[in-house]
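Colleague: One structure is given below, represented as structure tokens, and several questions about it will come after.
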Amino acid sequence: MLRIACPWCGARDETEFGYGGEAHVALPADAAQLSDAAWAEYLFMRSNPKGRHRERWVHTHGCRRWFNVVRDTTTERIFAVYLAGSPPAQLPDEPA
Amino acid sequence: MLAIIAAPAAGSIDLNRYSIFALARNALSRHENWPRAWRSPEPRRSYDVVIVGGGGHGLATAYYLAREHGIRNVAVLERGLIGLGNSGRNTTIVRSNYLWDASAHLYEHSLRLWEQLAGTLNFNVMFSQRGVLNLAHNPHDLRELARRVNANRLNGIDSEIVSTAQVKRLAPALDCDPRARYPVLGASLQRRGGTARHDALVWGYARAADAAGVDIIQNCEVTAIRQKDRRVVGVETTRGVIDASKVGVVVAGHASVLAAMAEIRLPIESHPLQALVSEPIKPVLDTVVMSNAVHVYVSQSDKGELVVGAGIDPYTSYSQRGSFPVIEATVSALVALFPSFGRLKLMRQWAGIVDVCPDASPIISKTPVRGLYFNCGWGTGGFKATPGSGHVFAHTIARDEPHPLATPFALERFTTGALVDEHGAAAVAH
């Protein structure tokens with residue numbers, strides 16, 4: 001059971017949350033002009049790292065707001081929680 | 001391990017062949033002198049083909065490369081010990097009743113190989129065609145099942161709709177009361193489906209591949225894929241560099257990690273898929289019962305344990321543990337379907353890491369790197385496909401062109417949009 005610290009509501013059990021997959025997959029500005037390959041990249045391709053993953057969560061059974069989390073996919077440890085729309089969180093031990 | 005298959009062919013005496021005579025001969029020495037089922041060779045400096053991943057799919061690929069394509073200078077590299085990944089973590093269900101033509105053909109190809117497999121491999125894989133039921137709990141479920149059954153029959157796959165009364169006869173422990181939380185309105189039944197022994201599948205392919213000349217190299221983790229001008233030239237491993245002009249990657253749970261070594265991005269996310277086993281009890285369920293709506297599937301092993309499968313954990317993970325809320329949902333659904341199972345203790349729980357594609361279909365494909373092939377993304381249902389997967393992947397590697405059955409499952413489908421959408425259509429649970 002994960003304990004996730006919602007930026008607005010505080011730490012709650014994972015059952016209150018919905019998972020939104022990889023964060024920072026931005027809709028291309030010129031979507032109508034995209035090649036099929038670029039569209040496939042946006043729609044389907046994911047980094048799926050073994051290690052730290054920047055991902056989206058929504059507090060479905062709480063404030064219903066979206067936010068981002070840095071979680072290690074091998075240990076389930078959560079390193080940081082940060083607001084949706086902000087740039088990828090940089091952890092102290094990571095190269096800028 | 002008993003492996004009694006057939007007597008040796010007349011005139012031939014192969015001391016390594018498993019048979020009733022071998023069993024009797026070894027009984028005289030208290031079964032202490034059985035030969036090892038496969039060698040543990042040192043890796044050579046180069047091979048014609050390197051298969052990365054010593055699960056069922058990888059070993060099957062190597063076996064068919066050697067037996068059907070005459071490519072015997074093959075190594076299977078396994079990070080740990082063979083069969084300890086998803087090959088040993090699944091719920092052993094075999095069926096082929098998929099909705100879409102591409103999937104139906106591929107899984108039916110696999111099922112037909114299953115039906116001959118014990119003889120082919122001279123190894124008892126304990127394939128038991130005890131039938132697979134998919135329950136309908138509401139009128140929409142029934143219509144969906146009818147659609148799939150009709151599609152199956154058009155593809156020549158045995159499949160039928162059975163009534164509530166027939167379900168009750170097939171699985172008496174199931175709560176078929178109309179007032180039940182999940183009333184049973186009927187089910188689809190594939191009589192040729194069933195279960196098999198997952199370890200035996202791995203061991204059988206390993207032994208047969210080894211006998212055909214394949215080197216199975218355990219405790220050998222691939223750390224890099226070597227390429228030159230976008231053409232593969234070998235791999236770097238924890239046991240040294242191995243040259244190969246063809247590399248097939250079959251690493252359920254780690255496809256994205258291996259792809260990243262070759263600068264390839266995949267449409268895959270890795271999730272834990274949990275399973276549970278009860279204490280052993282006397283025979284209570286001699287078929288496989290699956291329910292899409294409540295997402296649980298259960299069968300009884302030969303040891304008497306109930307083998308229960310869940311849906312995937314919602315978030316990506318490589319941890320092979322899984323989260324408790326998923327167990328809670330699975331067990332509550334199981335107990336609603338089979339009230340008497342509420343008295344049982346669960347003995348073990350585990351998770352395997354499954355690589356899920358957006359369309360819940362696998363990728364069997366060439367890649368932008370010449371000589372590098374990927375077989376991955378089997379999601380929650382790879383076990384049943386093991387023989388067919390290995391068979392078509394071996395063809396794809398040997399001929400450098402997709403097997404006709406594998407063509408729809410190429411990586412290009414995510415660019416063309418020709419997805420094989422088996423989410424839900426194929427009965428969600430596997």
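Colleague: Among the DSSP beta bridges whose two residues both lie in the protein assembly as shown, what percent are antiparallel, rounded to the nearest 5?
Modeller: On the way: 66 of 87 bridges.
Taking every DSSP beta bridge within the protein assembly as shown, about 75 percent pair in antiparallel fashion.
Colleague: Over segment B:288-402, what relative contact order in percent results from Cα pairs under 8 Å that are six or more residues apart?
Modeller: In percent, rounded to a whole number, it is 16.
Colleague: Starting from the Cα of residue B:115, step 7 Å toward the Cβ, then list every residue of segment B:191-205 with an amide N under 18 Å from that point.
Modeller: It comes to B:191-196, nothing else.
Colleague: So how far, in whole Å, is the C-alpha centre of segment B:255-269 from the one of segment A:1-78?
Modeller: After rounding, the separation between the Cα centres reads 19 Å.
Colleague: Pairing the Cα long axis of helix B:198-211 with the longest principal axis of chain B, what angle in degrees results, from 0 to 90 and rounded to the nearest 10?
Modeller: On a 0 to 90 degree scale, this one is about 20.
Colleague: A follow-up question, please. Mind computing the radius of gyration and Dmax over the alpha-carbon atoms of segment B:9-139? Å is fine for both.
Modeller: When restricted to the Cα atoms of segment B:9-139, Rg and Dmax are 18.8, 61 Å.
Colleague: Please sort A:75-87, B:198-210, B:137-149 by packing, taking for each peptide the average over its residues of neighbouring beta carbons within 10 angstrom, highest first. Intermediate values should be presented prior to the final figure.
Modeller: On the way: A:75-87: 13.5, B:198-210: 25.5, B:137-149: 16.7.
My ranking of the peptides, most packed first, is B:198-210, B:137-149, A:75-87.
Colleague: Could you give each residue of segment B:217-226 its phi-based ³J(HN,Hα) in whole Hz, using Karplus coefficients 6.51, -1.76, 1.60 with θ = phi - 60°, and x for Gly or Pro?
Modeller: 10, 8, 6, 9, 8, 7, 10, 7, 10, 7
Colleague: Using 0.36 nm per residue of separation minus the Cα-Cα distance, give me the extension gain between residue B:328 and residue B:179 in nm, one decimal. It would help to have the intermediate numbers written out before the result.
Modeller: Numbers: separation 149, 0.36 × 149 = 53.64 nm, distance 2.28 nm.
Fully extending the segment from residue B:328 to residue B:179 adds 51.4 nm.
Colleague: Further question on the same structure: Run the quick spin-label model on residue B:340 and residue B:33: label points 7 Å from Cα toward the beta carbon, then report their separation in nm to one decimal.
Modeller: 4.8 nm
Colleague: If amide H atoms are built 1.01 Å from N in the plane of the peptide, which residues on other chains or at least 5 residues away come under 5 Å of the amide H of residue B:125?
Modeller: Result for residue B:125 returns B:118.
Colleague: Per the Cauchy relation, a quarter of the hull surface: what is the mean projected area of the convex hull of the alpha carbons in the protein assembly as shown, in nm²?
Modeller: 27.6 nm²
Colleague: Another question, then. Mind giving me the nanometre distance, one decimal, between the label points for residue B:423 and residue A:26, set 7 Å out from Cα along Cα→Cβ?
Modeller: The modelled label-to-label distance comes out at 2.5 nm.
Colleague: Additional query: Using alpha carbons only, how many angstrom separate the centre of segment B:141-205 from the centre of segment B:345-386?
Modeller: 23 Å
Colleague: Now for a separate question. Name the residue, out of B:134, B:375, B:155, whose mean-square fluctuation peaks in a Gaussian network model built on chain B with Cα pairs under 10 Å.
Modeller: In this elastic network of chain B, the residue with the biggest mean-square fluctuation among B:134, B:375, B:155 is B:155.
Colleague: Per residue of A:36-48, count partner chain C-beta atoms within 10 Å of its C-beta, then hand back the mean as an integer. Walk me through the numbers on the way to the answer.
Modeller: Numbers: counts 5, 3, 1, 3, 9, 4, 0, 5, 11, 9, 9, 6, 17.
Mean partner-chain Cβ count within 10 Å for A:36-48: 6.
Colleague: What distance in nm separates the simple spin-label points at residue A:84 and residue B:400, each placed 7 Å from Cα in the Cβ direction?
Modeller: My value for the distance between the label points is 4.8 nm.
Colleague: Might you report the magnitude of the Cβ-based charge dipole of the protein assembly as shown about its Cα centre, with Lys and Arg at +1 and Asp and Glu at -1, to the nearest 20 debye?
Modeller: Dipole size: approximately 940 debye.
Colleague: I'd like the orientation of helix B:139-154 relative to chain B: the angle between its Cα long axis and the longest Cα principal axis, in ° from 0 to 90, rounded to 10.
Modeller: 40 degrees
Colleague: Straight-line reach only, C-alpha to C-alpha below 20 angstrom: list the aspartates and glutamates that residue B:282 could link to, leaving out same-chain residues fewer than 8 apart.
Modeller: Partners within reach: B:175, B:302, B:305.
Colleague: While we're looking at this one, here's another question. In a GNM of chain B with a 10 Å cut-off on Cα contacts, which of B:259, B:418, B:104 has the highest mean-square fluctuation?
Modeller: Looking only at B:259, B:418, B:104, the biggest GNM fluctuation is shown by B:418.
Colleague: For segment B:230-269, what is the Kirkwood estimate of the hydrodynamic radius, computed as the reciprocal of the mean inverse distance between distinct Cα atoms, to one decimal in Å?
Modeller: Final number for the Kirkwood radius of segment B:230-269 is 11.2 Å.
Colleague: Could you calculate, for segment A:1-57, the ratio of the Cα radius of gyration to the Kirkwood radius, expressed as Rg to Rh?
Modeller: Rounded to two decimals, Rg over Rh is 1.11.
Colleague: Given a cut-off of under 8 Å on Cα pairs at least six residues apart, what relative contact order in percent is computed for chain B? Display every interim value, and only then the final one.
Modeller: Values: 1016 pairs, mean separation 92.3, N = 430.
Over chain B, the number comes to 21 percent.
Colleague: Another question about this same structure. Gaussian network model of chain B, Cα springs within a sub-10 Å range: biggest mean-square fluctuation belongs to which of B:248, B:352, B:240?
Modeller: Sorting by GNM fluctuation, first place goes to B:240.
Bear in mind that the values in this text are calculations on the coordinates, not laboratory data. These figures come from a predicted structure and were not determined experimentally. Ideal geometry is used to build each Cβ from the backbone, glycine not excepted, and the neighbour counts take in all protein chains shown.
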